[in-house]
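Novice: Here it is: the structure, laid out below.
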Ligand code: GUN
Ligand code: FE
C-alpha cells in the first residue's frame, strides 16, 4: 500500500548537513520510504496524499539507553554518585518488580510517557524478574512502538531481593529468548548484564555464549564513574580496561552491542569499540545528575564510533530525546571550553543525526527518510512557536530547544500511525 505524506521534510542523511524539502513529499510503500520529492512524480498522483501543510515532518526519536523500572524515581534522588545511588535508591525500587501488579501498573505509565515524548524506538533495561520483563515486552507490543527489552542479570553485589542464582538467571534469560525470536518483530529481547560489578565471570561467560548462540544484541554500562572503573579492575584483574572485560566474554561487539556512558573511556577502549563496532550511548543528563562527568563526544565522532543518545531514566530526569539533543550540545560545549577549544562542540545537525540515524541504525534501516528506510516519523505542529518568518532549520531548532510534547501532533512507526496507548 502506497501512502504519500506532504509537509516540510527535514532529516539528516549525513551528520554535517540537514536535508530540507519545503512543501515536499515522502512516498511510503508498505511502511518503507520509496523516496522524497520536491514535486510529486506523475506515477504517484492517484495515491492518497496526507497533507500536513506547513507542519514539520522529521524522523522519530531513538532512545538507546533507559531503565523502565526506575520511572517512579524520575526527577528525584539526585544527591549521590553512582554506587550509593544504586544501593540507596535504585535497587530498592527495582526490587518492587517482583510484584507483577506493581510492574504492570508502572510499566504502562512508563510506555505512555515514552510515546508522549516522541520516542518511536527504545532500548530499555527491565529488572531481573522474568515475569515483569515479559509483561514490559507485551505492553510495548500493545503500544506499537519499537523496543529492545532486556531482562537484567545480576548475581553479585546487590541486595538479596535482586540477587540471582546463576543457573536460574541463565534459564530465565533463555526462556525469554526462546519466546521472542522473530527477526522483524518490533519488540525484541536483548542480553543485559547490568554492568561488570553485578555479574561474576561464570554469568558473563554464559551470557556471551547465549548472545552468540541466539545471535542476539547486547546492552550494558561502560566507564561511567571513576570508582566503578577501579572496582572493575579489582573484579576482573586480567582485563586491560573496562571494555576488555566484556570483550573477554563475547559481550563487546561479537553481536550488535550498546554501551552506555563511556565518560572515561581510554584511547585503547575507544579503539576496541571502533574495531568491534560497539555503539556508544551518550546519556548527558544522567552523567550530570549522578555526578559522573562529561563524555567527550567529539572523540567518538572523530573516530567514527557508532553513536546514539539515551535518556538513562532515572539517572536522567527526562525521557525526551529532543532534550537529550540540547544537553548533548551543552555538554559538548563544556568539553570544548575545558579542552582549550580542541574538542569542537556538536552542531545541531550532528546531534540530530546521532538522535535519529545514529541510534536508529541499531534497529535496522531506521532514523532517516532515505530509500528503503522504515517510515518512523513525527509530525510537528510548531505554529505556536513560529510567530515570525523563521526558516525551517530555525523552526526545528526552536522546537527542539523550547518545544515539548504538546507540539508533537502524530507519531509513525514503520508507516503505522501510533495513537496514545489506551491501556
Ligand atoms: N550502572 C549500573 N546500573 C546502572 C543504572 O541503573 N543506572 C546508571 N546510570 N548506571 C548504572
Ligand atoms: Fe543506565
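Novice: Looking at the stretch 1-41, which of its residues are outside any strand (DSSP E or B) and either touching a helix residue (DSSP H, G or I) at 6+ places or on another chain (Cβ under 8 Å) or surrounded by fewer than 15 Cβ atoms within 10 Å (Cβ to Cβ) (or both)?
Specialist: Once the filter is applied, which keeps residues that are outside any strand (DSSP E or B) and either touching a helix residue (DSSP H, G or I) at 6+ places or on another chain (Cβ under 8 Å) or surrounded by fewer than 15 Cβ atoms within 10 Å (Cβ to Cβ) (or both), the stretch 1-41 yields 1, 15, 16, 30, 38, 39, 41.
Novice: Taking helices (runs of 4 or more DSSP H) that do not extend beyond the stretch 57-142, which have at least 2 residues that are away from ligand 1 (no atom under 15 Å from the Cβ), surrounded by 21 or more Cβ atoms within 10 Å (Cβ to Cβ) and free of Cβ contacts under 8 Å to residues at least 40 places away in the same chain?
Specialist: Answer list for the stretch 57-142: 100-116.
Novice: Name the residue that is farthest from the chain's Cα centre (by Cα), counting only residues in the stretch 200-245 that are assigned to a loop (DSSP other than H, G, I, E, B) and under 19 Å from residue 258 (Cα atoms).
Specialist: 241
Novice: Residues that are under 23 Å from residue 408 (Cα atoms) and more than 14 Å from ligand 1 (Cβ to nearest atom): list the helices (runs of 4 or more DSSP H) wholly contained in the stretch 275-343 that include at least 1 such residues.
Specialist: Output list reads 321-338.
Novice: Select from the stretch 143-161 the residues that are assigned to a loop (DSSP other than H, G, I, E, B) and within 12 Å of residue 199 (Cα to Cα) and write down the one among them that is nearest to the chain's Cα centre (by Cα).
Specialist: 154
Novice: Can you name every residue in the stretch 366-405 that is without any contact (Cβ under 8 Å) to a residue 24 or more places away in the chain and under 30 Å from residue 302 (Cβ atoms)?
Specialist: Result: 391, 394, 398.
Novice: Output the number of residues of the stretch 178-224 satisfying the condition of being under 26 Å from residue 295 (Cβ atoms), touching a strand residue (DSSP E or B) at 6+ places or on another chain (Cβ under 9 Å) and within 16 Å of ligand 1 (Cβ to nearest atom).
Specialist: Residues meeting the conditions: 18.
Novice: Right, another one. Could you list, in sequence order, all residues of the stretch 175-217 that are touching a helix residue (DSSP H, G or I) at 6+ places or on another chain (Cβ under 6 Å) and more than 20 Å from residue 250 (Cα to Cα)?
Specialist: 187
Every number here is computed from the coordinates shown, using simple stated rules; none is lab data. Everything numeric here is computed off the predicted structure, so don't read it as measured data. Every residue, glycine as well, gets a Cβ built from its backbone with ideal geometry; the counts of neighbours run over all protein chains shown.
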